[in-house]
Amino acid sequence: MEEQALLAIFFGNNTRSAVLFNQIMERLRAEFPGLHVLKVGKTMINLGDSRTFFYISLPRQAARRNEALLISLGLDRPIQSPRIRDVSQPYPGRWTHHILIGSAGELDEELLSWLRQAEAFALSKRKPSRLLGK
C-alpha cells in the first residue's frame, strides 16, 4: 500500500493531527533531506533515512489526540528538559525520550538538535556493510 494511503488509515478522521504531521514533515525534510516514512504501524510512524531514528505517534489521552503528536527518539544518555514528557531506559546504553508537539512552531533548534543527536546515535548502531567488511 502506498505511503499516503497508510498515513490516511493511521490518522483516520483526525485531520488536525494529519495536518500537523505534514507541517512537521515539511520542516524536517528541509533539515534532513534523506528523511522519509519507513513504516506506518498501528500505533506509530517510523521515520529516518535507511534506519529509523525517531517515531511519531498520537498521544494516548483522548483529550490530546486531536491537537498534538508525540515524537519519540533514542539517545545514548538521558536529557533533562521540561519539554520532555517521559524518559525511559529500555536497555543499557539507550534512553528513549517522548516530546509532545502541539504545533510546527515547537520544532525549534533545541528539538532539531535532539533529532540530529538521535540520527547520529542510530547511525552509530549500524553494523558495517558486508561489502566493506569482506
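For the reader, a short list of remarks on this structure follows.
- Count - residues of the stretch 1-22 that are closer than 20 Å to T52 by Cα, open to solvent by 70 Å² or more (accessible area, probe 1.4 Å) and hydrophobic (A, V, I, L, M, F, W, C): 1
- Selection within the stretch 91-113 - in contact with a strand residue (DSSP E or B) (Cβ under 6 Å, 6 or more places away or on another chain) and not hydroxyl-bearing (S, T, Y): R94, W95, H97, H98, I99, L100, I101
- Any hit, the stretch 124-134, residues being within 15 Å of the chain's Cα centre (by Cα), open to solvent by 50 Å² or more (accessible area, probe 1.4 Å), of a type in the set (K, R) and at pLDDT below 95: no
- Conditions (1) open to solvent by 30 Å² or more (accessible area, probe 1.4 Å); (2) among the small types (G, A, S); (3) closer than 25 Å to F10 by Cα; (4) at pLDDT 95 or above: number failed by A118: (1)
The values are calculated or read from the model by the stated rules, or taken from the named source; none is laboratory data. All values reported here derive from a predicted model rather than from experimental measurement. All Cβ positions, even for glycine, are placed from backbone atoms using ideal geometry, and neighbour counts span all protein chains on display. Heads up: the accessible areas ignore ligands, DNA and RNA and are worked out on the full protein's heavy atoms, side chains in. Shrake-Rupley method; radii C 1.70, N 1.55, O 1.52, S 1.80 Å.
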